[in-house]
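The values are calculated or read from the model by the stated rules, or taken from the named source; none is laboratory data. Remember, it's a predicted structure, so these values are computed and weren't measured experimentally. Ideal geometry is used to build each Cβ from the backbone, glycine not excepted, and the neighbour counts take in all protein chains shown. The accessibility values were calculated without ligands, DNA or RNA, using every heavy atom of the protein model including side chains. Shrake-Rupley method; radii C 1.70, N 1.55, O 1.52, S 1.80 Å.
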Amino acid sequence: MTETEPPLLVDVYPALVSFLDEALVSEGESALVQAVVGLRFHGWCGCSPTCTYLRTAPTGCADSVWIHLDDEVPRVWLQFDRDQSSFVGMEICEFDLGPAPALDLGRPSGMG
């Protein structure tokens, strides 16, 4: 039995990916834009119904280094993977993700 890959983040939350692209370029992190393009949506953290941590990699790949993107509002924190070439997840503090597609059934309440 083979497991299918999770959907691309851009297919689930295109506005978020567009924001991340623009914000990373404006922060001088244009090399990381390519990492964002390939991120997959692995679901929301399940630690609580209101947790706003969105996973973009399997559990166990995280480093302790984060990038904080703050344009007054929205606020998004990106968590690096261990080799700091991509992201394993992000904390969505204040960002309108738009309508939740049917495949995002685990979206935390109060988001959007």
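Does at least one position in the stretch 64-80 carry a residue that is under 22 Å from PRO7 (Cα atoms), exposed (fewer than 11 other Cβ atoms within 10 Å of the Cβ), modelled with pLDDT under 90 and β-branched (Val, Ile, Thr)?
No, because not a single residue in the stretch 64-80 is under 22 Å from PRO7 (Cα atoms), exposed (fewer than 11 other Cβ atoms within 10 Å of the Cβ), modelled with pLDDT under 90 and β-branched (Val, Ile, Thr).
Within the stretch 19-52, can you find the residues that are open to solvent by less than 30 Å² (accessible area, probe 1.4 Å) and aromatic (Phe, Trp, Tyr)?
Scanning the stretch 19-52 gives PHE41, TRP44.
Kindly provide the set of residues from the stretch 1-18 that are more than 13 Å from LEU39 (Cβ to Cβ) and of a type in the set (A, V, I, L, M, F, W, C), ordered by number.
MET1, ALA15
Out of (1) open to solvent by 50 Å² or more (accessible area, probe 1.4 Å); (2) touching a His at 6+ places or on another chain (Cβ under 9 Å), the odd one out for GLY89 is which?
(1)
So GLY43 fits all but one of (1) modelled with pLDDT of 85 or more; (2) more than 25 Å from SER26 (Cβ to Cβ); (3) touching a Ser or Thr at 6+ places or on another chain (Cβ under 9 Å); what number is the exception?
(3)
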